[in-house]
């Protein structure tokens, strides 16, 4: 695989998208993004964001917030 040239902002977007992914899945996420971009003759911002979206769908495991309890902390008014 030849090197992929990305702008700093594109690389920052990839790393930011990798942050919420579990540490053990991040290398696979980054490899998938790189593989998608390697197939593009001239990757740009749109291509990078599409690659991120596809890879996140495969590797991101969001928390289940459908429970009956409200996940937000309760604020108590002080007197």
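Observations on the model:
- Close pairs from region 31-59: first within 12 Å of residue 10 (Cα to Cα), partner at pLDDT below 90, Cβ under 6 Å, at least 6 apart: 37/4; 37/43; 47/40
- Single residue of region 14-49 satisfying the filter (closer than 17 Å to residue 60 by Cα and in a loop (DSSP other than H, G, I, E, B)) that is farthest from the chain's Cα centre (by Cα): 24
The values are calculated or read from the model by the stated rules, or taken from the named source; none is laboratory data. Small disclaimer: the values here were computed from a predicted structure and weren't measured. Here Cβ is always computed from backbone atoms with ideal geometry, including for glycine, and neighbour counts include all displayed protein chains.
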